[in-house]
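Okay, so here's the structure we're looking at.
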Amino acid sequence: MDSEHWRAVITAAQAGDRRALDELVAGWLPLVYNIVGRALNGHADVDDVVQETMLRAVGNLGSLRDPDSFRSWLVAIAMRQIRDRARRKTPDRLEEAPASDFADLTVLRLQLEGQRREVAEAVRWLDDEDRQLLSLWWLEVAGELSRRELAAAVGITRQHAAVRVQRMKERLETSRGIVRALDGACPGLRELTGRWDGRPDSVWRKRLARHIRGCGYCGGTREAVVPAERLLVGIALVPLPVGFTLSLAFGGKTAAAATSAGWSAKLLGALTKPAVAMTAGATIVAGGAYVVTQPPDAAPPRAAIAPTATATPEPPRSSAPPAPTPRSSPPETKKTDPYGTVVDAVDRAPDPNARPAALPHRPESGITSTGGPKAVMQHRGDRVTLTGRGYVLVRWQISPRSRPGALVMPSWTGLEGRLFHVASGGWRRMDDPLPGAPNGYATGMGGPDIGYAVLPPGTQQMWQNEYFYLDGTVTLTQNERGCDYGLIVFPSDRDAVVRDINEGPADGAIRYGLVRDTGTDSAPVPQYVTRSAPADPATVPQRSRV
């Protein structure tokens, strides 16, 4: 959370700034949806609880004294609505099946595999109270909430929260064992589950757990079990699914009446932005309902943005008729736009004490991101669409200790306009030796004790921070298929780039940064970039021409 930014937005919204209110609702709806969706496991009431939470937050925004406590306040409202929903429901309604199982949504929309998928599916086996706590703890581990906010939302002390979370984690690990065992071929387990109706509950959780504890086949694991919190670090929010509906009416009022009550027309439009729907599209329909309609695999929308460079003017035409051209002569070669003819190549690391060249000035009007101010992409298929004119930081996190091997690079697809690789920083290249590195790490790419992340031949070695300049729109996709890695994408600005690359060994860094930008269209473009939108972004050629 960018505290200064959101403090300003919240203060402006409290003062009646409708644009700030637009941004507030659009920015925080995905967080509320994830809390409610996971706590209710995708029950049909998710839409109602999310709607009531957002309406109560907007309606009571003026009562919030400290803008810095907005997130805690909003999460507490969501948890109260979840508990109120449980109190209002009769026993027969509580037993209704989820409209769309949130575990399935989590696996599908985040493309989870292996033990990450196992954690998501294990949530089905938790009781309502544990699932409500897990909806907060999951976001705490993912970096979206603090422990203080978790405790405040539940209404307990941090010490009590620590005990509750530990007990919930123990039941989650038991549930993970059940998911793992059910995927196996134990004859005794097949016989035991012959009387099971397939619906996870606490009774069958205990029965299956007893079997697993006493069964040599089910109790053994084929691979080391990674703790859940390590698997969930930095995981993205689950995007709003196709068919999700959020009514914007106040007390049954229509969308038009809601506008006059304080909802601006732009707010209705803001809810259709990719920042809310993530990789899904959205539509406002009659009655002021927000509905996600675009299939999840559809290509992200692109804005038609003209190149900034002026086109090469055609030479003046002669008044005389052109002379006939012999057939044997080669066709005339037309002048082409030079953009995209220079592509990054493998380079040597500069001297650690070599200061970077001056970074050229390029026009900035700002970048909008479907991932918000910080898009964390930890899994294959995670993507973020960037639009505007300005600078973007891509920060690398490589995890060879988790899984070393060949690294499938991220790719830039659907490019409209221009994209340049302007600078590298972060105090080090990822292959720099790490002084006093623990646990077998020799460099950011790994070490002899744990294995290495291996780049495809010809791929340029990345730095901790890579900076790009965009004038248009493009989608960046995480293509992890070998070595584990993650990307964090931040809209940035030139001043931040200059500060980063000019901090060197005197400041405790391993090396100064590097400027790649020539200030012209001959500046390098990223490797793995294309104007097309392939079904599998991992197939983008390394030495692309755009």
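The values are calculated or read from the model by the stated rules, or taken from the named source; none is laboratory data. Please read all numbers here as calculations on a predicted model, not as lab measurements. Note that we place each Cβ from the backbone using ideal geometry, even for glycine, and neighbour counts take in every protein chain shown. Areas reflect the complete protein model, heavy atoms only, side chains present, ligands, DNA and RNA absent. Shrake-Rupley method; radii C 1.70, N 1.55, O 1.52, S 1.80 Å.
Values computed for the structure shown
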{"read-out": "Surface share of carbon and sulfur [accessible, 1.4 angstrom probe, percent] for the range 466-546", "value": "50"}
{"read-out": "Gained length - Arg210 relative to Gln542, 0.36 nm times residue gap less alpha-carbon distance", "value": "114.3 nm"}
{"read-out": "Lys/Arg +1, Asp/Glu -1 at C-beta; the range 1-74 dipole; positive extreme among Val46, Val9, Tyr33", "value": "Val9"}
{"read-out": "Projected label distance in nm at Arg148 and Asp449, using a 7 Å step from Cα toward the beta-carbon", "value": "3.6"}
{"read-out": "Long-range amide H partners of Arg516 with built H, under 5 Å", "value": "Ala423, Ser424"}
{"read-out": "Ratio Rg/Rh, restricted to the range 351-486 and using Cα atoms, in which Rh is the Kirkwood radius", "value": "0.99"}
{"read-out": "Cα-projected label distance for Arg499 with Ser532, points at 7 Å along beta-carbon direction, nm", "value": "4.1"}
{"read-out": "Full-extension gain in nm, Ala506 to Arg158, via 0.36 nm per residue minus C-alpha separation", "value": "121.3 nm"}
{"read-out": "Qualifying trypsin sites (Lys or Arg not before Pro) for the range 1-76 [loop in DSSP, other Cβ within 10 Å: at most 12]", "value": "Arg65"}
